[in-house]
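Data first, discussion second: the structure below is written as structure tokens.
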């Protein structure tokens, strides 16, 4: 997974054997700012697939409504089991 700011500056890059990951606390995403991310996955020996470069914004933090986290809602619709 690779994360960029709105001008394309690399903010974070990682490899993981899992289908889920979390950003470290050292990477703070500011509400309202534009970010871009891309995911690449190995699907076989020397076979890779990658996502498009996706734009997203982090919404305001709401203690009463964690369901408003747009990435959390999107992640529910994505699955590798199916």
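The values are calculated or read from the model by the stated rules, or taken from the named source; none is laboratory data. These numbers were taken from a predicted model, which means no experiment stands behind them. Every residue, glycine among them, receives a Cβ derived from its backbone with ideal geometry; neighbour counts consider all protein chains shown.
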(request) Identify all residues within the range 1-38 that are under 20 Å from residue 49 (Cβ atoms) and in a strand (DSSP E or B); write none if there are none. (result) 2, 3, 4, 13, 36, 37, 38
(request) Please find, within the range 32-64, the residue that is nearest to residue 1 (Cα to Cα) out of those that are surrounded by fewer than 10 Cβ atoms within 10 Å (Cβ to Cβ) and modelled with pLDDT under 80. (result) 60
(request) Go through the range 5-19 and give me each residue that's under 21 Å from residue 59 (Cα atoms) and touching a residue at least 24 places away in the same chain (Cβ under 8 Å). (result) 5, 6, 8, 11
